[in-house]
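For reference, the structure is listed below as structure tokens.
The values are calculated or read from the model by the stated rules, or taken from the named source; none is laboratory data. Remember, it's a predicted structure, so these values are computed and weren't measured experimentally. Reconstructed Cβ throughout: ideal geometry from the backbone, glycine too, with neighbour counts over all protein chains shown. Each accessible area value is taken on the protein alone, full model and side chains, heavy atoms only, with ligands, DNA and RNA left out. Shrake-Rupley method; radii C 1.70, N 1.55, O 1.52, S 1.80 Å.
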Amino acid sequence: MATIDILSVSVIYAASFAILLVGYLTALSSKDVIRLLIALEMMFGAVFMALIPLFSIAHLANAAFGIAIITIFASSGELLILISAIVILDRQKKSIYTSAITIGGDRV
Amino acid sequence: MRSRNSHSMSGDVLLLSALAGVAILFSLGVLVSKDNFYSSLFMSVTLIFVAAVYALFNLQPVFVLIVFIFVGAIGVVTVALAATYRSEPERQVSRFWIAPVVITAFIIGFSIYSYALFIPQPVSPSEIEFELVNFLSITEYLLIVLFLISLVVLLLLSVLKIVIGGRS
């Protein structure tokens, strides 16, 4: 078992921020919605990594496990919805490029 | 005066840094690659390395959840989607890069192994003490591990089929 000290926590947070940054850059440079989906999954990966130090507090370990389970299932559900949205976008617009999306949000 | 051990990095921190570094490198592969199919593969490997950090801290339940729910289900669907909407099937990198990559990986792996082997590790008082006590007996646990490994092989077979189908 690896020990978790301040150096390990620093490495974990630095890697998490780096992956999150790469996810942001990928999302900003994406020309189609599949690349956007990949970027979103990378961001969730960074969030999972940032959860690790929570397990090092003894009385919070079980709560951290619950948070990890909820995060994994919630993000998986969110990504499944995005995947179905991509399929619907392709059926409606015959294109998966982000330039095909001209309007967003609900109509009031 | 501080001891020599307090200055030297322990093997665990080194292994953690190596895992995190490889995860960041694969995430950079997502950004650099122009083909969505390779980007999704790099993304899956990045998430597997993030899960490996959990395994390093003996948090196997979270490792299993990330690898089999997030990478196994969502990641493979993303790979399949990227393979379906693929526009550039040709190879981006020359095959000649395989040899230097393998040699570099061997040198880095051996240096990390020898560093952790020959330098004594300092004992730190704080460890993650999370475990599912009496969750399963050891035989059932081994059986589940066997099932999970076969599931991984099945998942990889489907990805392999997509790769072979894309080339032919």
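Remarks
- Any hit, the range A:41-61, residues being at the interface with another protein chain (Cβ under 10 Å from one of its Cβ atoms), in contact with an Asp or Glu (Cβ under 9 Å, 6 or more places away or on another chain), without any contact (Cβ under 8 Å) to a residue 40 or more places away in the chain and open to solvent by 50 Å² or more (accessible area, probe 1.4 Å): yes
- Extreme residue, nearest to residue B:51 (Cα to Cα), among residues of the range A:72-108 that are touching a residue at least 12 places away in the same chain (Cβ under 8 Å), among the polar types (S, T, N, Q) and open to solvent by 30 Å² or more (accessible area, probe 1.4 Å): A:98
- Matching residues, the range B:80-100, being open to solvent by 90 Å² or more (accessible area, probe 1.4 Å) and at pLDDT 85 or above: B:84, B:98
- Test: residue in the range A:22-33 that is open to solvent by 20 Å² or more (accessible area, probe 1.4 Å), at the interface with another protein chain (Cβ under 9 Å from one of its Cβ atoms), free of Cβ contacts under 8 Å to residues at least 24 places away in the same chain and among the hydroxyl-bearing types (Ser, Thr, Tyr): yes
- Per-region count, the range B:53-79, residues more than 7 Å from every other protein chain (Cβ to nearest Cβ), surrounded by fewer than 24 Cβ atoms within 10 Å (Cβ to Cβ), farther than 16 Å from residue A:70 by Cα and in contact (Cβ under 8 Å) with a residue 40 or more places away in the chain: 2
- Test: residue in the range B:12-33 that is among the acidic types (Asp, Glu) and farther than 25 Å from residue A:41 by Cβ: yes
- Taking the range A:27-45 as the range and being more than 12 Å from the chain's Cα centre (by Cα) and part of a helix (DSSP H, G or I) as the test, the residues that pass are A:28, A:33, A:34, A:35.
- Test set (1) open to solvent by 40 Å² or more (accessible area, probe 1.4 Å); (2) among the hydroxyl-bearing types (Ser, Thr, Tyr); (3) within 30 Å of residue B:114 (Cα to Cα); (4) modelled with pLDDT of 85 or more - residue B:44 fails condition number: (1)
- Of all positions in the range A:83-104, none carries a residue that is of a type in the set (Gly, Ala, Ser), closer than 24 Å to residue B:75 by Cβ and not in a helix (DSSP H, G or I).
- Residue A:64 being more than 7 Å from every other protein chain (Cβ to nearest Cβ), at pLDDT 90 or above and in a helix (DSSP H, G or I): no
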